[in-house]
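A short reminder: the numbers here are calculations on the coordinates, not readings from a lab. As the structure is a computational prediction, the values presented were derived from the model and not from experiment.
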Amino acid sequence: MLTIDAQEIALSPRILSCMRSGEAVFIEQEHVPFAMLLPVGLPLAPRPIGLCKGEFVVPDNFNDPLEDASSYP
């Protein structure tokens, strides 16, 4: 990974403004995107316990030992 101080490169005020507001910036050449600048954000808050409650069912045999893999072809 390469880290460069913002003063070392010439970024337009428009790009810096977008990045400071949390937007991603795509860099294109001949209308084909080849890079993306992402702002460094604050860490996400932990997800609450039970967020997906009722979305799926864990089978009763979930923790049972798996079959021996050598029995498969």
Checking Ala35 against (1) part of a loop (DSSP other than H, G, I, E, B); (2) under 18 Å from the mean Cα position of the chain (by Cα), which single condition isn't satisfied? (1)
Tell me which residues, restricted to segment 1-29, are small (Gly, Ala, Ser) and in a helix (DSSP H, G or I). Ala6, Ser17
